[in-house]
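Below is one structure, written out as structure tokens; comments come after it.
The values are calculated or read from the model by the stated rules, or taken from the named source; none is laboratory data. Not measured: the values here are computed from a predicted model. Cβ: placed from backbone, ideal geometry, glycine included. Neighbour counts: every protein chain shown. For the accessible areas, the whole protein counts, side chains as well, though only heavy atoms, and no ligand, DNA or RNA atoms are used. Shrake-Rupley method; radii C 1.70, N 1.55, O 1.52, S 1.80 Å.
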Amino acid sequence: MKLPKLQLHTRILLGLLSGVIFGLLANRLAFSGFLLTYVKPLGAAFIKLISMVVVPLVFASLLVGTASLNDIRKLGRIGSKTLAYYLCTTAVAVTIGLFLANTLKPGVGLSRELRTELIQNGAEQANAKIGTTFKKPTMTDLLLNIVPANPIRAFVEGKMLQIIFFALLTGICLTLIRPDRSRPVISFFEGLNDLMIRMVHIIMKLAPYGVFALISAVVAEFGAGILLALLKYSIVVIAGLMLHVIIVYSSAIRIFSKQKIAAFFRGIRPAQLIAFSSASSSATLPVTMECTEKNLGVSAKICSFALPLGATINMDGTALYQGVSTVFLAQIYGMDLSIAQQLAIVLTATLASVGTAGTPGAGIITLAIVLKSIGVPLEGIAIIMGAERLLDMCRSVVNVTGDASCAVVVASTENEM
Ligand code: ASP
């Protein structure tokens with residue numbers, strides 16, 4: 001099927017909608033098996049294709065961006081603004097989640113039987129998630145983890161913070177050596193950067209089909225049954241996510257930039273659709289970079305710094321989800337949370353979201369840290385497992401949107417639009 005006249009995001013949207021319908025049909029007409037065997041791998045192939053570009057693209061673009069900056073102070077300023085924006089918006093996201101969960105009380109009134117049933121249903125999946133030991137990382141661990149002892153290993157393992165660190169340092173040092181020596185290196189990476197961007201363009205032509213395959217598999221695999229029991233909780237999470245996007249990002253863009261809100265959301269839509277269907281902000285990164293630079297007009301320098309960093313540490317959607325889930329589970333277990341405990345949730349969920357990888361389902365693993373910090377039983381994770389995939393898809397959209405909004409805000413204040 002060729003739809004040449006439609007814009008990319010419209011084609012992706014069509015892929016998504018037809019995927020939902022196809023998935024529902026597969027569920028109804030009992031051909032889910034066929035779909036999972038033959039269609040699902042196509043979605044996985046698409047995700048692998050975009051993920052393939054991430055490491056070379058991030059390294060090359062960040063190195064070229066830093067090497068052309070010529071002003072270390074400016075780099076420091078961009079860095080501090082980006083970090084401040086990420087941390088503040090994440091703390092606000094958790095607060096919105098807590099406010100909604102405390103006022104709408106999704107966990108009050110869930111019967112004991114339903115609770116037991118949900119725990120039984122989700123136990124296996126939950127154990128698979130948190131069975132692997134999770135350890136609350138200390139500040140020293142976090143900082144030490146940024147420095148790669150071996151950059152090649154960082155590339156091989158896709159350790160984004162380490163790659164960012166090495167790229168920044170290489171870019172800075174390139175400005176400190178003789179130009180006749182640095183020029184060929186920079187030219188090489190400029191070429192690599194252009195090449196990767198071209199590759200993203202080509203891969204994006206497949207996006208409508210990739211999204212179709214991803215979504216139809218998700219719909220066919222998960223029935224709506226369990227979701228109904230968790231309806232109120234899911235609605236609170238989704239409402240919180242929408243409020244955060246509408247209030248926080250729109251206000252930030254309105255206050256700090258000249259960008260039209262509608263143009264922002266139109267420009268970032270392809271990335272949102274890919275994030276929704278892949279539930280991974282890391283895999284979406286090349287698309288987020290492309291949309292933010294081409295559609296929103298943010299300079300390549302800011303994009304190449306703020307977006308890879310955001311895809312690694314900025315997870316507003318995840319933090320909000322963790323806030324709501326913690327209060328929801330506390331309500332189910334009849335725990336009354338004090339103001340101090342709620343503040344502890346804001347703090348731990350903000351930190352836990354920083355430590356969450358931008359991969360599907362990573363947020364539910366770090367949720368354990370938040371639950372533990374205020375003493376909510378970890379088996380509660382099994383209760384919310386039924387709604388996990390859908391909420392993961394929704395929070396990934398917010399995570400990606402938050403990164404792009406930061407790039408727009410920082411670029412506007414730095415004359416880099
Ligand atoms: N899937 C999310 C993301 O990639 C992380 C999470 O599980 O919350 O952004």
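Which FRET efficiency, nearest 0.05, do TYR333 and LYS294 yield, Cβ-Cβ r, R0 41 Å?
The formula returns an efficiency of 0.25 here.
So for the chain, averaging the separation of alpha carbon pairs under 8 Å that are six or more residues apart and normalising by length, what relative contact order in percent results?
It comes to 32 percent, rounded to a whole number.
In nm, to one decimal, how far is the LEU142 label point from the PHE155 one, both placed 7 Å along Cα→Cβ?
In this crude label model, LEU142 to PHE155 measures out at 2.9 nm.
Highest GNM mean-square fluctuation, the chain, Cα pairs closer than 10 Å: which of PRO56, PRO179, PRO148?
Taking springs between Cα atoms under 10 Å, the residue moving most is PRO179.
Taking the Cα-to-Cβ direction at MET52 and at ALA340 and moving 7 Å from each Cα, how far apart do the two end points lie in nm?
5.5
Rounded to two decimals, what ratio of Rg to Rh does the chain give with C-alpha atoms and a Kirkwood Rh?
Here the Rg-to-Rh quotient is 0.97.
Can you pull the percent of segment 278-417's accessible area that's carbon plus sulfur, 1.4 Å probe, other chains left in place?
Summing carbon and sulfur atoms, their accessible area is 61 percent of the total for segment 278-417.
If packing is taken as the mean number of other Cβ atoms within 10 Å per residue, what is the order of 95-103, 156-164, 61-69, highest first?
Packing proxy ranking, top to bottom: 61-69, 95-103, 156-164.
Put +1 on the Cβ of each Lys and Arg and -1 on the Cβ of each Asp and Glu in the chain; which of GLY355, ALA154, ILE164 then has its Cα farthest toward the positive end of the dipole?
Looking along the dipole axis, the top candidate is ILE164.
Taking only complete DSSP H runs, can you tell me which helices of the chain stretch 27 Å or more along their own long axis by Cα positions and average at least -0.5 on the Kyte-Doolittle scale?
Those that pass (Cα extent of 27 Å or more, hydropathy at least -0.5) are 8-28, 40-67, 72-104, 179-204, 388-413.
Mean-square fluctuation check for the chain, GNM, Cα pairs under 10 Å: which of ILE339, ILE50, ILE268 is largest?
Ranking ILE339, ILE50, ILE268 by mean-square fluctuation puts ILE339 first.
Please build a GNM for the chain, connecting alpha carbons under 10 Å apart, and tell me which residue among ALA306, ALA167, ALA93 fluctuates the most.
Maximum fluctuation in the GNM of the chain, among the listed residues, is at ALA167.
Which order, highest average first, do 374-383, 314-323 follow once you tally other Cβ atoms within 10 Å for each residue and take the mean per peptide?
314-323, 374-383
Ordered by packing density, taken as the mean number of other Cβ atoms within 10 Å over each peptide's residues, highest first, how do 278-286, 33-41 rank?
Result, highest mean first: 278-286, 33-41.
Contact order normalised by length for segment 258-417, with contacts defined as Cα pairs under 8 Å and 6 or more residues apart; what percent is it?
So the answer I get is 38 percent.
Determine the dipole magnitude for segment 133-274: charges of +1 sit on the beta-carbon of Lys and Arg, -1 on that of Asp and Glu, nothing else is charged, the reference point is the Cα centre, and the result goes in debye to the nearest 20.
360
How far, in nm, would the chain grow between MET417 and ILE235 when pulled straight, counting 0.36 nm per residue and subtracting the alpha carbon separation?
Residue separation times 0.36 nm, minus the Cα-Cα distance, leaves 61.9 nm.
Considering only protein heavy atoms, what per residue accessible area in square angstrom results for the chain with a 1.4 angstrom probe?
Roughly 46 Å² per residue, with all protein chains present.
Given the pairs LYS81/LYS294; LYS159/LYS205; LYS74/LYS294; LYS40/LYS81, which span a C-alpha to C-alpha distance of over 30 angstrom in this model?
LYS40/LYS81
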